[in-house]
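Taking it in order: structure first as structure tokens, then the write-up.
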Amino acid sequence: MEMRTLGRTGLSIAPLVFGGNVFGWTADEKTSFHLLDAFFDAGFNAVDTADAYSTWVPGHQGGESETIIGKWLKQSGRGRDEAVIVTKVGSEMGPDRKGLSAKWILQAVEGSLRRLQTDHIDVYLSHWPDAETPYEETLGAYDTLLRQGKVRHIGASNLSAEQLRAALDVSKEKHLPRYAVLQPEYNLYDRASFDGPLRNLCMAEDMGVITYFGLARGFLSGKYRSHRDLEGSARGGGIGKYLDGRGMRILGALDEVAADTGNTQAEIALAWIMSRKGVTAPISSATNLTQLESLIKAASIRLSDQASRLLNEASE
């Protein structure tokens with residue numbers, strides 16, 4: 001399998017990252033173990049999670065996903081260096097347990113390490129911008145963790161080009177560690193925030209880019225084509241915005257490429273992201289082995305120039 005270098009981190013990862021948001025939520029512990037085993041057995045090596053997964057589930061406190069990954073790491077028999085673990089800090093875990101202050105980062109990392117049952121995190125991301133905390137304070141906390149060896153590399157999620165530029169400037173001016181990885185939302189429909197200045201900056205700075213919502217919350221699977229399709233679906237609120245003329249054009253292009261290649265719309269949508277200049281790998285999740293097999297298949301698809309052009313034009 002083609003391995004890709006995650007920017008300046010030097011880490012080698014496969015072209016698809018498993019999204020661990022489902023662990024402990026829509027995939028129980030036993031299912032999660034089976035999915036992780038199959039994913040790694042297929043030659044993939046990176047999993048993405050966050051300390052806040054899955055606080056949105058009634059009765060959950062956050063950390064459920066990290067806990068399952070930690071248990072799996074312990075019982076899988078794999079060496080720690082066989083897995084690239086990406087986790088995040090900053091989302092709200094409770095009162096005074098959120099944001100990117102040095103105090104909270106230094107406290108939160110200990111919880112993540114304990115749940116993951118490891119002595120280090122490969123890539124630690126700032127989950128969201130924190131307007132109340134200066135970049136210098138956040139990066140100073142990461143400097144401490146990097147020096148201690150508890151974190152190997154740092155990055156950020158959901159930053160604009162202006163915010164990323166400002167963070168990189170502070171790193172240079174204050175001689176602090178720099179973000180090496182960005183995690184933006186990116187798919188055939190949601191292109192505007194990454195394509196353009198942000199992608200150009202990431203490429204100029206040789207940053208690794210792992211994208212999320214590759215299937216636009218499931219819309220690009222082709223399952224949802226009208227508001228009637230959303231009735232009774234928990235995804236209704238998030239997918240409704242895609243049911244416009246542009247969304248239908250994108251689905252039409254996916255349908256055409258899928259028919260020509262024999263692949264599913266979801267597989268084509270992920271393959272398109274993998275082919276994009278400046279992207280290291282998309283994140284995608286699965287809750288059963290059939291879905292996982294489709295994700296694995298997507299990583300081997302090579303889109304023709306004609307297919308890429310059709311998808312690009314439909315999504316512009």
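Odds and ends about this structure:
- Computed from Cα positions, the angle between helix 245-261 and the longest principal axis of the chain comes to roughly 80 degrees.
- At full extension, Q148 and H60 could sit 28.6 nm farther apart than now, given 0.36 nm per residue minus the alpha carbon distance.
- In straight-distance terms, cross-link reach from K30 covers every one of the aspartates and glutamates whose alpha-carbon lies under 17 Å from its own, apart from those fewer than eight places away in the same chain; here that gives D41, E64, E66.
- Note on D41 and H175: with the Förster distance fixed at 41 Å, the Cβ-Cβ geometry gives a FRET efficiency of about 0.45.
- Considering only beta bridges that DSSP places wholly inside region 1-134, some 15 percent are antiparallel.
- Over every Cα atom in region 51-127, the radius of gyration and the widest Cα-Cα span, Dmax, amount to 12.5, 38 Å.
- Simple Cβ-charge dipole of region 4-183, Lys/Arg +1 and Asp/Glu -1, about Cα centre, in debye nearest 20: 380 debye
- Going by neighbour counts of Cβ atoms within 10 Å, the residues L303, L182 line up, fewest first, as L303, L182.
- Note on the chain: the alpha carbon radius of gyration divided by the globular reference 2.2 N^0.38 Å gives 0.97.
- Above-threshold pairs, the threshold being 18 Å between Cα atoms, out of K103/K172; K223/K277; K74/K297; K103/K150: K103/K172; K223/K277; K74/K297
- Theoretical FRET efficiency, 1/(1+(r/R0)^6), r = Cβ-Cβ of Q163 and A259, R0 35 Å, to 0.05: 0.30
- Exposure proxy shown here: for M207, M3, the number of other Cβ atoms within 10 Å sets the order, fewest to most, as M3, M207.
- Counted by neighbouring Cβ atoms within 10 Å, the residues H34, H127, H175 run from fewest to most as H175, H34, H127.
- Principal axes of region 4-183: Cα extent on each, largest first, Å: 46, 38, 29
- Secondary structure note: in the chain, about 5% of the DSSP beta bridges are antiparallel.
- Loop-located trypsin sites (Lys or Arg not before Pro) in region 278-316, at most 11 other Cβ atoms within 10 Å (DSSP): R302
- The mean sequence distance of close C-alpha pairs (under 8 Å, at least 6 residues apart), as a share of the length of the chain, puts its relative contact order at 18 percent.
We did not get these values from a lab; they are worked out from the coordinates using the rules stated. All values reported here derive from a predicted model rather than from experimental measurement. Note: ideal-geometry Cβ built from the backbone for every residue, glycine included; neighbour counts use all protein chains shown.
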